[in-house]
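Working notes, structure below.
The values are calculated or read from the model by the stated rules, or taken from the named source; none is laboratory data. Keep in mind that this is a model prediction, so the values were computed, not measured. Every residue, glycine as well, gets a Cβ built from its backbone with ideal geometry; the counts of neighbours run over all protein chains shown. The area values use the complete protein model at the heavy-atom level, side chains included, leaving out ligands, DNA and RNA. Shrake-Rupley method; radii C 1.70, N 1.55, O 1.52, S 1.80 Å.
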Amino acid sequence: MIVSRGETVAVCGMNNQGTAAGGGGDRVIVCGLGSLGQHCVLILKEFGVAVSAIERHATDEWEIPEVPDLLEQLLWGDCRRSDLLMQAQVQNCRAIVLATSDERVNIEAAFAARLLNPTIRLVVRSAKQNLNELLNQQFGNFAAFEPTQLSAPAFALAALDEDILGFFTLEGQLVQVVRRHLQAGDRWCQVRKLHELNTRTRRVLSHTPVASRLPTSPHLPIANEFYQWEPDAMVQAGDVLVLVEATPALSTRAAADPTVPDTDADALGSTLPLWRRPGQLLRQLWRKSYENQIRRVILICGLVVVGLLAVGTLLFWTYYPEASFVGAFYAAAVLLLGGFGDLFSDIPITIDVPWWLRLFGLLLTLAGTAFVGVLYAVLTEKLLTWRLQFFNRRPPVPPQNHVVIIGLGRVGRRVAALLMELKQSLVGIVETAPDPTLLPQMPLLSGDITATLAKANLSRSQSVVAVTEDEMQNLEMGLMVHAVNPASRLVIRTYNRRFSDRVAQLFPYAQVLCASALAAEAFVAAAFGENVNSLLRFGSRTVLVTEYSIEANDTLCNLLLADIAYGYGVVPILHQRSAPDALPKWMPSDDTRLHGGDRLVVLAAIDGLRQIEHGQLAPKRWQVIVETALTSQAAFDGAADIALVSGCAIDTARSLMAQLPAALPFLLYKHQAMRMVRRLSQNQVIATVKKA
C-alpha cells in the first residue's frame, strides 16, 4: 500500500514534451502529457520522486509551464510498446498510472505493463465500470477512475448552500462535511466544550471563534489545520464550526399494508376443490381491486357483459335448435354491441321470434350499450394515458432558489444526478434536445443557450453551473448570468490551469474548477496504493476520502490513531479490524492501535498523504506533568490511562506513578496530551500540560 524506498512509480497519460532535469530519489515514469497527466507530474514531484515521461507526439505547448523542468527523462512513442516501457524501466516500477484520453490505449498499456512486471500497481483512466471491476478481480492491485466522475461532486457542492462542504457514501451511510454558524440559543452555546462535540458519529474539523472570524472569509480546514483548535474552548454564539458527520443507516421495515395480498389465503385457495376455485379467485380479485375503484368498475362491467353474453347465447340456442351454438353466440354478441336493428327490424323475417325474446334482445342491447360503453371509455382513457406517458412532459422550470446547469455532458449529467439525490430543485440547459429518457424528472430547456437563459428564471436562481465542453462558452455564460443576478453563486468549468488561475483572479465572485486538477490528486494517491473513495473541496484545497489496507511493513502499522491523526494531519473516520466478524467503527478512538490487515478510512489532503508515504510524522511538542494521585486506586487507574492514551508500556506508566510528581518521559501531541489530562482528572489524578 505504501511505496517503500527505492521503488518507482510509472504514470502514463500526458501529452507534452520536455527536457531532462536532474533529480534524485524514487523514479516515476509518466506516459503522455495531457492536462490530467501534467497535473499528475506536478503532484508527483511534490512527493519527492524523480519523474520521467513517455509521450506519443511531440509538442511545444504546455498547460503547466514548469513541467519540462520537472521531468527527468522524456521518451517519444506509444506507451503500449513493450520495448519503450522497458527503456523507461517499468520493470522496476511499483505503479503505473494510465491517463491518456483513449481508454483502449490505457487498457492495452496496462496489459503490457503487467506482463513486464507482475507486481506493478495499475491505475487506469477508464469510464467502463463493469470492465474495471472485472479487471480488478482478475489483476488485483488495480484502480480505475474517470476524471469527470471524480470532479462532478465538487461542481455539485459548489452549487449548493455554502454550509455543505462535502458529502460521500461509505458503508451504505451518508457522510457529510458541514459548516455551522452558531446562533444565540443554540443547544451547544455556553454549554459544551469543543472536545465534547466529538462523538461516535461526529468529529470537529475546524473552529473559528467569533472574535477572530472575518465576516467575509470564514475559516476552512486545510492540510494540517484539521487540529488547529483548542479542545477545552467553550462553544460561543457566533462561532463557526466545520464538522464531519456520519448519518446512521435507517432501518427500513415495510409497514403492514392492507392492500397487500393475503398469501395465506392464496395458498389456501390452491388447496380448495376444483369446483370451488373460481369463486375463491373472484373473491381474491375483488379484494385486490379494493384500493382502486376503477378496477372494481371494470370487474363489475366485465362480469355483467360476460353473464349477459352467456344467457343470450343459451336462450337463442335453446329456442332455435336448428341454429348452431356459434351462431347463437354471435347473435348475442351483436345485440350486446348495439346490433338490435340488425336482428329485429321492421322488415319481415321468415323466423317467428316471440315478443319476450325480442324484448330480451332490446334489454341486451341497452345493457351492452351501458356496460360495453364503460369498457370502451376505460380503454380509451388508458390509451391516452399511455400516449401521454410516451411523450412525457418534464416538470416546469422552478420559480426560484434553483440551480441552473448549463451543459449536460458527462459532468453535467453527474452533477444533475447528485443534486437530484439531495432534493435540490434545478433546471438543465442544452443546445440540442437530448434523449427523453435522460433524467426525465428534471426540467430541461433546449435551443440556443444564450436565448434559452432568459427562460430559466436566472434572476431568482440560487446558483448557476456552467459545465459545457467549451470553457470559453462557460466563461461567457457565467458573465451573462452574473450581469442578470449578481447574488447567484457561479461555478465555471475549465480545462486549462493557467486559464483557470487567471479567470479566478479577474472574477473573484466565480468558483473556477479545473476537472483535471481535481482528479489528478486522486490518481497520484492511487499510484501510491491508496484507494480513493471520493474527492471533496474545502475552499481552494482538495481533500481525499482515502482508504488504507494496513500492511505489516508500511508506515501506519503499529501506530496509534492519535499519532496518525495529529502526526500526519488526517482525520480517521472509519476503522475495521481484519477479523471476519469485525464490524466497522465510525470515528474511532485515538487509543486504537493499527495492526496488519486492518482497514482505515481517513480524510486527508495530498500533503497528509505525502507525509504518510514518507513516514514523516510531525514532531511532538507537549509535555504532561503528573502532580499527584489522591488515592492509591487513582494511582493504579492513572497508570492505565497513561498507557492507554500514550501507547507506552504499562510498567513505564506504573513506575512514573510511583514517583510523583513527575513528567512523562516522552512528548505527546497537544490534543493527545490534553485528552490524557482530562482522563487522569476523571480518575482523581492531578496533571497539567505545558509546551516543551
**Asked** Does at least one position in the stretch 654-662 carry a residue that is of a type in the set (K, R) and in contact with an Asp or Glu (Cβ under 7 Å, 6 or more places away or on another chain)?
**Response** no
**Asked** Where in the stretch 58-170 are there strands (runs of 3 or more DSSP E), lying wholly inside it, with at least 3 residues that are of a type in the set (A, V, I, L, M) and open to solvent by less than 20 Å² (accessible area, probe 1.4 Å)?
**Response** 93-98, 121-125
**Prompt:** Does the stretch 396-411 contain any residue that is at pLDDT below 70 and of a type outside the set (K, R)?
**Reply:** no
**Asked** Is there a residue being under 26 Å from R541 (Cα atoms), without any contact (Cβ under 8 Å) to a residue 24 or more places away in the chain and within 24 Å of the chain's Cα centre (by Cα) anywhere in the stretch 471-492?
**Response** no
**Message:** Can you tell me which residue is nearest to Y566 (Cα to Cα) among those in the stretch 625-659 that are touching a residue at least 24 places away in the same chain (Cβ under 8 Å) and touching a Pro at 6+ places or on another chain (Cβ under 8 Å)?
**Reply:** I625
**Prompt:** Where in the stretch 573-676 are the helices (runs of 4 or more DSSP H), entirely inside, with at least 2 residues that are open to solvent by 60 Å² or more (accessible area, probe 1.4 Å)?
**Reply:** 632-646, 650-657
**Message:** Given the condition of a type in the set (V, I, T), in contact with a Cys (Cβ under 6 Å, 6 or more places away or on another chain), closer than 21 Å to V41 by Cα and touching a residue at least 40 places away in the same chain (Cβ under 8 Å), answer yes or no: does some residue in the stretch 521-536 qualify?
**Reply:** yes
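For (1) under 30 Å from V178 (Cβ atoms); (2) in contact with a strand residue (DSSP E or B) (Cβ under 8 Å, 6 or more places away or on another chain), each residue gets a yes or a no:
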{"residue": "W622", "(1), (2)": "yes, yes"}
{"residue": "L630", "(1), (2)": "no, yes"}
{"residue": "A639", "(1), (2)": "no, no"}
{"residue": "R654", "(1), (2)": "no, no"}
{"residue": "P665", "(1), (2)": "no, no"}
{"residue": "H671", "(1), (2)": "yes, no"}
{"residue": "R678", "(1), (2)": "yes, no"}
**Request:** Among the residues of the stretch 677-692, write down those that are aliphatic (A, V, I, L, M), farther than 26 Å from V570 by Cα and either open to solvent by 60 Å² or more (accessible area, probe 1.4 Å) or out of contact with any helix residue (DSSP H, G or I) (no Cβ under 6 Å at 6 or more places or on another chain) (or both).
**Result:** I686
**Condition check for A265: modelled with pLDDT under 80 and of a type in the set (A, V, I, L, M, F, W, C)** = yes
**Message:** Of all residues being modelled with pLDDT of 85 or more and among the polar types (S, T, N, Q) in the stretch 501-536, which is most open to solvent (accessible area, probe 1.4 Å)? Just the residue, please.
**Reply:** Q505
**Prompt:** Restricted to the stretch 537-562, and to residues that are in contact with a helix residue (DSSP H, G or I) (Cβ under 7 Å, 6 or more places away or on another chain) and of a type in the set (S, T, N, Q), which residue is most open to solvent (accessible area, probe 1.4 Å)?
**Reply:** T555
**Asked** Looking at R114, R125, which one is over 14 Å from E103 (Cβ atoms) and among the basic types (K, R)?
**Response** R114
**Message:** Condition check: under 30 Å from G37 (Cβ atoms), of a type in the set (A, V, I, L, M, F, W, C) and modelled with pLDDT of 90 or more. Does V464 satisfy that?
**Reply:** no
**Asked** For R493, are the conditions met, namely being of a type in the set (D, E, K, R), open to solvent by 60 Å² or more (accessible area, probe 1.4 Å) and out of contact with any Gly (no Cβ under 7 Å at 6 or more places or on another chain)?
**Response** no
**Of all residues in the stretch 414-473 being in a loop (DSSP other than H, G, I, E, B) and touching a Gly at 6+ places or on another chain (Cβ under 8 Å), the one that is surrounded by the most Cβ atoms within 10 Å (Cβ to Cβ)** = V467
**Asked** Is it the case that some residue within the stretch 373-395 is open to solvent by 100 Å² or more (accessible area, probe 1.4 Å), at pLDDT 80 or above and closer than 21 Å to S461 by Cα?
**Response** no
**Prompt:** How many residues are within 26 Å of D501 (Cα to Cα), surrounded by fewer than 23 Cβ atoms within 10 Å (Cβ to Cβ) and touching a Ser or Thr at 6+ places or on another chain (Cβ under 9 Å) if we restrict to the stretch 27-48?
**Reply:** 1
